[in-house]
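Colleague: Please find one structure pasted underneath; my questions will follow.
The values are calculated or read from the model by the stated rules, or taken from the named source; none is laboratory data. Since we're looking at a predicted model, the values are computed, not measured. Cβ atoms come from the backbone with ideal geometry, glycine included; neighbour counts cover every protein chain shown.
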């Protein structure tokens, strides 16, 4: 396991956050191409909406992007939010929880404990803010991160199932 320094990202990290989020997105676009498009070449992508979204996260006390640095080089990140269930809904047991939106480690360093250290940091960040659990959603595909999360103690609580509805599979009476 590599020992990395984990720190909260700031506005000066925007250039490296662009690169790491781009790599994160392209990894997932390859894994689920029927749901995500490639962003195209990094150098020609319009980053204006991304920059605004990152600025919003960095200025939100209920959110953080934690960077993992190895020898001063950011090699991964975790994006985490603090959330609260609606306490007025009598049908549920309300919880205050952290929500991991994104976790990424550069490909050449995966499997070396950096993702685990980032998740530990996200869990501590949420715990420090009164959270009692961490939630996350993950795409399920062969090279995807599901096995990593399960290995680190996460379990499926709820699953989204989909079925593609292809026109040729529909009875002709329904096609019109």
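Colleague: Take region 97-123 and flag every residue that is farther than 23 Å from residue 32 by Cα and either exposed (fewer than 13 other Cβ atoms within 10 Å of the Cβ) or in contact (Cβ under 8 Å) with a residue 40 or more places away in the chain (or both).
Modeller: Applying the first criterion (farther than 23 Å from residue 32 by Cα) to region 97-123 yields 97-98, 112-114, 116-123.
Residues satisfying the conditions are 112, 113, 114, 116, 117, 118, 119, 121, 122.
Colleague: Residue check: is residue 80 closer than 15 Å to residue 3 by Cβ and modelled with pLDDT of 95 or more?
Modeller: On the way: closer than 15 Å to residue 3 by Cβ: no; modelled with pLDDT of 95 or more: yes.
No, not satisfied.
Let's see how each residue does on (1) closer than 29 Å to residue 164 by Cβ; (2) free of Cβ contacts under 8 Å to residues at least 24 places away in the same chain; (3) in contact with a strand residue (DSSP E or B) (Cβ under 8 Å, 6 or more places away or on another chain):
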position: 17; (1), (2), (3): no, no, yes
position: 20; (1), (2), (3): no, no, yes
position: 23; (1), (2), (3): yes, no, yes
position: 37; (1), (2), (3): yes, yes, no
position: 43; (1), (2), (3): no, yes, no
position: 62; (1), (2), (3): no, no, yes
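Colleague: Which residue, of 17, 66, is surrounded by 15 or more Cβ atoms within 10 Å (Cβ to Cβ), touching a helix residue (DSSP H, G or I) at 6+ places or on another chain (Cβ under 7 Å) and closer than 25 Å to residue 84 by Cα?
Modeller: Working: 17 fails: closer than 25 Å to residue 84 by Cα.
Step by step, each of 17, 66 is checked, and only 66 is surrounded by 15 or more Cβ atoms within 10 Å (Cβ to Cβ), touching a helix residue (DSSP H, G or I) at 6+ places or on another chain (Cβ under 7 Å) and closer than 25 Å to residue 84 by Cα.
Colleague: Identify all residues within region 145-176 that are at pLDDT 75 or above, surrounded by 10 or more Cβ atoms within 10 Å (Cβ to Cβ) and either more than 30 Å from residue 113 (Cβ to Cβ) or in contact with a helix residue (DSSP H, G or I) (Cβ under 7 Å, 6 or more places away or on another chain) (or both); write none if there are none.
Modeller: The answer is 148, 152.
Colleague: Can you say whether residue 164 is part of a loop (DSSP other than H, G, I, E, B), touching a residue at least 24 places away in the same chain (Cβ under 8 Å), more than 27 Å from residue 19 (Cα to Cα) and in contact with a strand residue (DSSP E or B) (Cβ under 6 Å, 6 or more places away or on another chain), as far as the supplied structure shows? So that I can check it myself, show each step before the final result.
Modeller: On the way: part of a loop (DSSP other than H, G, I, E, B): yes; touching a residue at least 24 places away in the same chain (Cβ under 8 Å): yes; more than 27 Å from residue 19 (Cα to Cα): yes; in contact with a strand residue (DSSP E or B) (Cβ under 6 Å, 6 or more places away or on another chain): no.
Answer is no for this residue.
Colleague: I would also like to ask the following. Quick one: count up the residues across region 25-34 that are free of Cβ contacts under 8 Å to residues at least 40 places away in the same chain and either within 18 Å of residue 67 (Cβ to Cβ) or outside any helix (DSSP H, G or I) (or both).
Modeller: Residues in region 25-34 being free of Cβ contacts under 8 Å to residues at least 40 places away in the same chain and either within 18 Å of residue 67 (Cβ to Cβ) or outside any helix (DSSP H, G or I) (or both): 2 in total.
Colleague: Just wondering, is there one or more residues in region 96-117 that are farther than 20 Å from residue 27 by Cα and in a helix (DSSP H, G or I)? Lay out the reasoning, then the answer.
Modeller: Start the filter on region 96-117 by keeping residues that are farther than 20 Å from residue 27 by Cα, which leaves 96-99, 117.
Subset that is in a helix (DSSP H, G or I): 117.
Yes, that holds for at least one residue.
Colleague: Just the residues that are surrounded by 14 or more Cβ atoms within 10 Å (Cβ to Cβ) and either part of a loop (DSSP other than H, G, I, E, B) or in contact (Cβ under 8 Å) with a residue 40 or more places away in the chain (or both), please, taken from region 46-60. Give the derivation first.
Modeller: Pass one, region 46-60, residues surrounded by 14 or more Cβ atoms within 10 Å (Cβ to Cβ): 47, 50-51, 54, 57-58.
Those that are surrounded by 14 or more Cβ atoms within 10 Å (Cβ to Cβ) and either part of a loop (DSSP other than H, G, I, E, B) or in contact (Cβ under 8 Å) with a residue 40 or more places away in the chain (or both): 47, 54, 58.
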